[in-house]
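The values are calculated or read from the model by the stated rules, or taken from the named source; none is laboratory data. Bear in mind that the values here come from a model prediction, so they are computed numbers and not experimental data. Every residue, glycine among them, receives a Cβ derived from its backbone with ideal geometry; neighbour counts consider all protein chains shown. What goes into the accessible areas is simple: the full protein's heavy atoms, side chains included, and nothing from ligands, DNA or RNA. Shrake-Rupley method; radii C 1.70, N 1.55, O 1.52, S 1.80 Å.
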Amino acid sequence: MHSRHLYAVLIALTFVALGTGSPALAHSGDAAAGGFVTGFLHPILGWDHVIAMVAVGLWGAFLGAPAVWLLPVTFPLVMALGGMLGAAGVPLPGIETGIAASGLVIGLAVLFAARPPLPVAAAIVAVFAIFHGHAHGSEMPGAVSPLAYAGGFVIGTGLLHLCGIAFGMLTRSRPGTLAVRGAGGVIAALGAGFLTGAL
């Protein structure tokens, strides 16, 4: 598949996945009190969040500099904006679908070694970050500090990105590249499972 066609497919998949699918109800809204700790654990304890955030790190490492730092910085910054919208009660349709679609689309980008222009990759990551952030913000317990909670989920997200980057560094060898692309395939399959409600 030519690179231009692959980029077009990735962008199309982003919009198709957001517009279709049965949303996976992975968020129960239950949260323990504790501000920072609650925020920190929210992305780490939700597998739909974990796979997407690890995938962002994998894709950034696969693309190399400057994407290796730009994508993992773009995601939490835009996610914080989505968190503010969620905490403020601003409605956003298809939140669970957007979260599940992020794992599918970014996983496929890694699997197929997609190398779009950096602004395109950053835009794809940013779109999905809004959904993740909105979920975090809307599920913030009323008894916690919003600032502490936001700091917790941004740091938790950053650690998941670092895990993806660390694994993604295996791309320095051919067997490592195959392993990273295989991990992208696993993430895409899990994302499809969340999207269809199978997981």
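Report Rg/Rh for the range 150-190, rounded to two decimals, where Rg is the Cα radius of gyration and Rh the Kirkwood radius.
Ratio of gyration radius to Kirkwood radius for the range 150-190: 1.12.
At 7 Å along the Cα-to-beta-carbon direction for both ARG174 and LEU199, put a label point, then send me their distance in nm to one decimal.
Rounded to a tenth, the inter-label distance reads 3.1 nm.
Once the Cβ-Cβ distance between ALA166 and VAL37 is put in as r, and R0 is 25 Å, what FRET efficiency do you end up with, to the nearest 0.05?
Plugging the Cβ-Cβ distance into 1/(1 + (r/R0)^6) gives 0.60.
At q = 0.14 Å⁻¹, what is the log10 ratio I(q)/I(0) for the range 52-121, with the Debye formula run over Cα points and no solvent?
Those come out to -0.47, one per q.
Considering just Cα atoms, how many Å³ per residue does the convex hull of the range 56-199 enclose?
Here the figure is 99 Å³ per residue.
What does the extension gain come out to for LEU118 and LEU81, with contour length at 0.36 nm per residue minus their alpha carbon separation?
Contour length minus the Cα-Cα distance gives 11.2 nm.
Which value, in Å² rounded to 10, gives the accessible area of THR177 with a 1.4 Å probe and all protein chains present?
Per-residue accessible area (THR177): approximately 30 Å².
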